[in-house]
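The structure appears below as structure tokens.
The values are calculated or read from the model by the stated rules, or taken from the named source; none is laboratory data. Worth saying up front: this structure is predicted, and the values here are computed from it rather than measured. We place every Cβ from the backbone using ideal geometry, glycine too, and count neighbours over all the protein chains shown.
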Amino acid sequence: MRWRWVGALVAVGAMATSSAGVARADMGPKPSMTFAFTFARAGQTIQSGVLLTCEDAGCVKPEPLPREGPQGFDCQPQSCFARAYGFRPYAMLALTMSDGRTLKSNVFNTQTLLGKFKVAVVAASLDVQPTWW
């Protein structure tokens, strides 16, 4: 009888140790990008957006950043934020504005852990520039 308890405790301890290792595998900071906007038109806001990621500087085959666990791209009326397990080397923004227009940005480099970008919303496009704010 006593040995059954010892065996049960060993089994529970082994399960706790192995599951704790799995939980820690996804800890730590994830690469992220924060976008702050300036608008040419007063009262203009962001309605929705997509972060398109690419392997090449020409962004020939852009693909939307998929939503997987903590990874994803979200916009508020005047800002956007992206988090990923890892970004492809280049990206561009495609945003639908409050006036119904869809604007695309220039291609920009994503190779940073915590990227911060200023985005100028001009008449027909978005100008994304890295910043250290």
Open item on the list: Any residue at all in the stretch 107-120 that's at pLDDT 95 or above, surrounded by 11 or more Cβ atoms within 10 Å (Cβ to Cβ) and not in a strand (DSSP E or B)?
Closed with: yes
TODO: Would you be able to say whether some residue in the stretch 56-78 is out of contact with any Gly (no Cβ under 6 Å at 6 or more places or on another chain), within 24 Å of ALA124 (Cβ to Cβ), in a strand (DSSP E or B) and small (Gly, Ala, Ser)?
DONE: no
TODO: Look through THR110, THR102 and report the one residue that is among the β-branched types (Val, Ile, Thr) and more than 15 Å from LEU65 (Cα to Cα).
DONE: THR102
TODO: Search the stretch 31-43 for residues being surrounded by fewer than 16 Cβ atoms within 10 Å (Cβ to Cβ) and not β-branched (Val, Ile, Thr), and hand back the single one that is farthest from ARG101 (Cα to Cα).
DONE: ALA36
- [ ] Test LEU51 against the criterion of being in a strand (DSSP E or B), within 11 Å of the chain's Cα centre (by Cα) and either among the β-branched types (Val, Ile, Thr) or under 17 Å from SER125 (Cα atoms) (or both), and give yes or no.
- [x] yes
- [ ] Kindly provide the set of residues from the stretch 81-100 that are part of a strand (DSSP E or B) and either of a type in the set (Val, Ile, Thr) or in contact with an Asp or Glu (Cβ under 7 Å, 6 or more places away or on another chain) (or both), ordered by number.
- [x] PHE81, TYR90, THR96
Open item on the list: Go through the stretch 66-100 and report how many residues are under 16 Å from THR38 (Cα atoms) and either acidic (Asp, Glu) or surrounded by fewer than 19 Cβ atoms within 10 Å (Cβ to Cβ) (or both).
Closed with: 10
